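Okay, structure first, notes after.
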Amino acid sequence: MKGAFLILETGKGSLLSCQAVFGFHSQEKHMENRYSWGVRLLLGLFLPNFKVNVVNELTPNILHQLGIRNILLDVDCTLKRYDSDQFEDWVVEWLESLKCAGVEVCLLSNGKGPRIGRIANHYGLEYEAMALKPLPFGCWRVIRRKGWDRKQTAMVGDQIFADIAAGNLAGVKTVHVTPIHPETEPIFTRVKRPLERIIFFMVPIHKINET
């Protein structure tokens, strides 16, 4: 896993001072979840680097601090209810804020092409459907097509056995989001939620907004 992330406060337009470089008098936030080697060996595939309650907590400023310029973004129960094809206003506003900040977004879903394409086109987003998460191939296809740097790319989604595993296998940062309206999920997703809760109970994961 990647090391803890340091945020160094500097004056506008100024260079990093020697004190900042060596960590003196700097403000430090440990935003990334760090795990022991034993936990990484047993559960590392399913554990995210970062965790948030909802996607709009990933503000352009936070993404900048995390070194994230590109987002592979799950759709169902990450951006919307499973039984709806519409994003709520706060999601649309968040996506617009990313666009204005120069953060690139591509929807990455296991859903069928016609449905995901219709949603993506409605909101002016690029997409990759039938991604077969937790396999990493969908992530890699987008990264190659877009010419993204993996070190500056994150997979954001609500399922650790699909989104987070795919992102970890693809070699990008991973951000877990608490699912939106999980009661609307299909049964094949709901049966995995208790196991997710067990893993999170075994390995407590702090959220970005709790640091």
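Structure above, values below:
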item	result
Ala154 surrounded by 14 or more Cβ atoms within 10 Å (Cβ to Cβ), assigned to a helix (DSSP H, G or I) and assigned by TED's automatic domain parsing to the domain that holds Ile199	no
Residues satisfying the stated conditions in segment 175-194, i.e. under 24 Å from Leu72 (Cα atoms) and of a type in the set (A, V, I, L, M)	Val175, Val177, Ile180
Residue in segment 36-54 that is in the same structural domain as Lys173 (by TED's automatic domain parsing) and closer than 17 Å to Glu128 by Cα present	no
Among residues of segment 102-125, those that are assigned to a loop (DSSP other than H, G, I, E, B), over 21 Å from Leu63 (Cβ atoms) and of a type outside the set (Gly, Ala, Ser), counted	2
Residue within segment 56-68 that is within 17 Å of Tyr123 (Cα to Cα) and surrounded by fewer than 21 Cβ atoms within 10 Å (Cβ to Cβ) present	yes
Search result, residues across segment 157-191 that are polar (S, T, N, Q), surrounded by fewer than 24 Cβ atoms within 10 Å (Cβ to Cβ) and either touching a strand residue (DSSP E or B) at 6+ places or on another chain (Cβ under 7 Å) or part of a strand (DSSP E or B) (or both)	Asn168
Test set (1) touching a strand residue (DSSP E or B) at 6+ places or on another chain (Cβ under 6 Å); (2) surrounded by fewer than 23 Cβ atoms within 10 Å (Cβ to Cβ) - Pro194 fails condition number	(1)
Within segment 140-183, tally of residues that are farther than 19 Å from Glu196 by Cβ and touching a His at 6+ places or on another chain (Cβ under 7 Å)	0
Residue check, Ala131 surrounded by 23 or more Cβ atoms within 10 Å (Cβ to Cβ), in a loop (DSSP other than H, G, I, E, B) and either touching a helix residue (DSSP H, G or I) at 6+ places or on another chain (Cβ under 8 Å) or not assigned by TED's automatic domain parsing to the domain that holds Val92 (or both)	yes
Residue satisfying condition, being out of contact with any helix residue (DSSP H, G or I) (no Cβ under 8 Å at 6 or more places or on another chain), in the same structural domain as Leu58 (by TED's automatic domain parsing) and surrounded by 14 or more Cβ atoms within 10 Å (Cβ to Cβ), within set Gly111, Gly147	Gly111
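Condition check ((1) assigned by TED's automatic domain parsing to the domain that holds Gly124; (2) assigned to a loop (DSSP other than H, G, I, E, B); (3) closer than 19 Å to Ile164 by Cα) across all residues:
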residue	(1), (2), (3)
Asn56	yes, no, yes
Asn61	yes, no, no
His64	yes, no, no
Ile68	yes, yes, yes
Tyr82	yes, yes, yes
Phe87	yes, yes, no
Trp94	yes, no, no
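The values are calculated or read from the model by the stated rules, or taken from the named source; none is laboratory data. Keep in mind the model is a prediction, meaning the values are calculated, not measured. Positions of Cβ are generated from backbone atoms using ideal geometry, with glycine treated the same way; all protein chains shown enter the neighbour counts.
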